[in-house]
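Below: the structure, in structure tokens.
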Amino acid sequence: MAKSDKEIIELFRAAVLEVDNKKLGELSGTTQLSTLGLDSVQTMEVIGAMEEKLNIQFPDEDLATIKSIGDLTRLVQRLAA
Amino acid sequence: MIEGTFLDALIRAQEVTDRGFVFLSNDLVETNYPFSKLVAEAHKRGRHLQKMGLKKGDRLAMIIPESEEFVLTFLGAVSVGVVPVPMYPPLALGKLDGFMDTASRIISTARARMLISTKKVSPLLWSLLGTTKGLEDIVTVERLHGPAAWDQEPVTLAPSDPCFLQFTSGSTSDPKGVVVTHASLMANAHAIMTDGLKSNNAVDRGVSWLPLYHDMGLIGFVLSPITVTVPVVFIQTLSFVKRPAVWMEMVSKYRGTITFAPNFAFGLATKYAAKHKEVDLTSLRVLGCGAEPINPGTMRKFVEAFAPKGLKEQSIMPCYGMAEATLAMSFDGLDAPFRTVRIDRDAYENENAAKRVDADGIELVSCGRVFPGHELGVMDTDGKLLADGHVGEIVFSGQSVASGYFDNPTASAAALKHGWLHTGDLGFLIEGELFISGRMKDLIILNGRNYHPQAIEWEVEKVDGIRKGNVVAFSMRGDDTEKLVVVAEQRKGSPDTLSQAVKDHVRTTLGLSVGEVMLVPPGGLPKTSSGKLQRRKTASSYASGELGKEDRTLGSNAARTTVARHITRSVVARVRHGVKKALLAPAALFRTVF
């Protein structure tokens, strides 16, 4: 089932809360992941938690290209398509 | 004296058909390679590489994320005397720019003419062709898959020939490639598998998620096990970082007996202790911990979390090593629980002496004893060896010492002096047991006293709101005296309150005045590709005012432009190198990226 941007953002928010016990503020497509205060290992933990929730796998080679929340939602939608 | 080359060992392994390597995909699907098949496949890939024009001694840069492809290609190169240069793949989120700069510097320093990657990753790498001095071609491992012609003469290798170049994980602006020779590799493999682990290929099985571009993963779990044909199960590194429970789950599933990791991984596994499926760790006899400073608290919590699952406390094995020594220099004993000493802080800081105390003081983990046939010593700045309990630079000698840095006689001469490898690490020996207390270059000197940055960092970590393992302490020239600076990643709380809490805590526990506390968001501290803190880089970024500003002003468009720029350069570089090398149509390429 295709997920909307908003649904994916909420999933992301829940994953960050789970991994780092942190509540994120306002998020939009242009929010840069590097501004959210996650280090590289935590970011991968979050990616792992999202994979589990969405039952998808992010291809390794796509990870380097994700910089913003928008990049992430587009990738999720492409993988689910 | 260990005779022969690694190639001899590889050829011997060809006889073994009933055990070998198991590679797990991201979905944990197994691909089995008995040693016989592994070696045959390596030989085939070696022939392909020869066919592409690579000759004995040529360096081959490798950027290959999949463990199966990495191992087969690496062994293929070695089988024909080609010298692989393993490099880390671009997998961290949004770090493509920094990755490309480092990759380009490593390739030109190694003077590699060819880079080998995979069909999936190479579209990101093509721009290296236009920007990297000496790099002539990028090929993909898929070209090594088909049958190969057997029309080449086998190469003959001497123990003194280079086997591969290991770029150290700190490699950034001035990368240095350690030349691992066949002789140093075979000597260290013997020390690890036979002297250190007392391995038995009929009962032992390694389990590893360690990155293969890093010495502990590559030498410890690929090359050394081949020399004694101990079977190994490989988990993809990203599988572990995405789902840390997979490490102990696979140890349990495959009845692993030997696994190793850096300190941080023990913390991560403990954090996910409750997320593990049912695991039984009774098979595990060696759980090595090395490659970064060992925090006794982290190890204790790990033991506490997994003891109910059958983890034996004595399986924890602290060890000490570095790429310049090929890999390992000392292992702790096999059957003893890990040990620590507490030493008096004043004596350490004022007299460079390690005086044992019963409580308080600095707690350090024993890294065990040096391997037979090798020597560890502690040296003062005049090159004099020191007695037990005196603090100085750790020096090492023996056949495991690699033959210096590639093409860099100045750095090699600085590291290898008077027959000793100078590690740059500070520490001491007590009755032959090694204790590491810090890095020489990181030593903080305040009011004429020496302070150990880790001791300060570990205190700062205890302040609520600071991220564990993400604190850097260093000294800077202040107005009239050196000032102590602490940079820490902040988890929560108000910056003002937290800064004051850090200052108060350091003053109470260590009696030191912190000149400045700088709080950065998680991920704000510079780290190496393997996640180690970079003290000197942190200090220089702090001094130049860049710290905490990187990457934080980019808008979405700017970020996407970075990716687009690399892709555009890639397309241009590919066109320049002939259409026949195009791997994907541009449309598919953009789909991969956006």
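Observations, loosely collected:
- Of all the listed residues (B:V80, B:V71, B:V22), the sole one being crowded, with 23+ Cβ neighbours inside 10 Å, touching a residue at least 12 places away in the same chain (Cβ under 8 Å) and over 17 Å from B:W150 (Cβ atoms) is B:V71.
- Residues of the range B:295-337 satisfying the condition of being more than 18 Å from B:K532 (Cβ to Cβ), in contact (Cβ under 8 Å) with a residue 40 or more places away in the chain and either in a helix (DSSP H, G or I) or of a type in the set (K, R) (or both): B:P296, B:F306, B:K309
- If the condition is being assigned to a loop (DSSP other than H, G, I, E, B), among the β-branched types (V, I, T) and within 14 Å of chain A (Cβ to nearest Cβ), then the range B:454-505 contributes no residue at all.
- In the range B:247-294, the residues that are in a helix (DSSP H, G or I) and in contact with a Cys (Cβ under 8 Å, 6 or more places away or on another chain): B:N263, B:F266
- For the range B:409-419, the criterion of being touching a Phe, Trp or Tyr at 6+ places or on another chain (Cβ under 9 Å), touching a residue at least 24 places away in the same chain (Cβ under 8 Å), surrounded by 18 or more Cβ atoms within 10 Å (Cβ to Cβ) and part of a loop (DSSP other than H, G, I, E, B) is met by none of the residues.
- Verdict on B:P244 being outside any helix (DSSP H, G or I), modelled with pLDDT of 95 or more and within 14 Å of another protein chain (Cβ to nearest Cβ): yes
- If you go through the range A:71-81 and pick out every residue that is within 8 Å of chain B (Cβ to nearest Cβ) and either surrounded by 21 or more Cβ atoms within 10 Å (Cβ to Cβ) or of a type in the set (A, V, I, L, M, F, W, C) (or both), you end up with 1.
- Among all positions in the range B:239-257, there is at least one residue which is in contact (Cβ under 8 Å) with a residue 60 or more places away in the chain and polar (S, T, N, Q).
- Residue ranges of helices (runs of 4 or more DSSP H) in the range B:178-241 with at least 2 members under 16 Å from B:F21 (Cα atoms) and assigned by TED's automatic domain parsing to the domain that holds B:F371: none
- Extreme residue, surrounded by the fewest Cβ atoms within 10 Å (Cβ to Cβ), among residues of the range B:83-119 that are basic (K, R) and touching a residue at least 12 places away in the same chain (Cβ under 8 Å): B:K119
- Flag: B:L28 does not match the condition of being under 15 Å from B:V141 (Cβ atoms) and not small (G, A, S).
- Inspection of the range B:430-444 finds a residue satisfying the criterion of being in a helix (DSSP H, G or I) and in contact with a Gly (Cβ under 7 Å, 6 or more places away or on another chain).
- For the range B:339-354, the condition holds for no residue, the condition being that it is of a type in the set (S, T, Y), under 23 Å from the mean Cα position of the chain (by Cα) and not in a strand (DSSP E or B).
- Checking each residue in the range B:129-141 for being away from chain A (no Cβ under 14 Å) and part of a helix (DSSP H, G or I) picks out B:L129, B:G130, B:T131.
- Total residues in the range B:77-127 satisfying the condition of being part of a helix (DSSP H, G or I) and within 11 Å of another protein chain (Cβ to nearest Cβ): the figure is 9.
- Identification of strands (runs of 3 or more DSSP E) wholly contained in the range B:1-75 with 1 or more residues that are outside the structural domain of B:F406 (by TED's automatic domain parsing), among the hydrophobic types (A, V, I, L, M, F, W, C) and within 26 Å of A:E61 (Cα to Cα) yields B:20-24, B:59-62.
- If you go through the range B:276-299 and keep only what is over 23 Å from the mean Cα position of the chain (by Cα) and within 28 Å of B:V341 (Cβ to Cβ), you end up with just B:L281.
- Unmet requirement for B:G531, which otherwise passes all of (1) closer than 30 Å to B:A103 by Cβ; (2) buried (at least 21 other Cβ atoms within 10 Å of the Cβ); (3) not acidic (D, E): (2)
- The set of residues from the range B:1-53 being within 14 Å of chain A (Cβ to nearest Cβ) and among the charged types (D, E, K, R) comprises just one member, B:D27.
- Summed over the range A:8-50, the residues that are within 11 Å of the chain's Cα centre (by Cα), farther than 14 Å from A:G70 by Cβ and not polar (S, T, N, Q) give a count of 13.
- Where A:A64 falls short, out of the listed (1) within 22 Å of B:A273 (Cα to Cα); (2) within 12 Å of another protein chain (Cβ to nearest Cβ); (3) not hydroxyl-bearing (S, T, Y): (1)
Residue by residue, here is whether (1) touching a Pro at 6+ places or on another chain (Cβ under 6 Å); (2) within 12 Å of chain B (Cβ to nearest Cβ); (3) closer than 21 Å to B:F99 by Cβ holds:
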| position | (1), (2), (3) |
| --- | --- |
| A:K6 | no, no, no |
| A:E10 | no, no, no |
| A:K23 | no, yes, no |
| A:L27 | no, no, no |
| A:S34 | no, yes, yes |
| A:V41 | no, yes, yes |
| A:E51 | no, yes, no |
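- Matching option when the condition is within 24 Å of B:E69 (Cα to Cα) and buried (at least 23 other Cβ atoms within 10 Å of the Cβ), among B:G220, B:G288: B:G220
The values are calculated or read from the model by the stated rules, or taken from the named source; none is laboratory data. Quick caveat, the model's predicted, so the values are computed rather than measured. Glycine also receives a Cβ, built like all others from the backbone with ideal geometry; neighbour counts cover every protein chain displayed.
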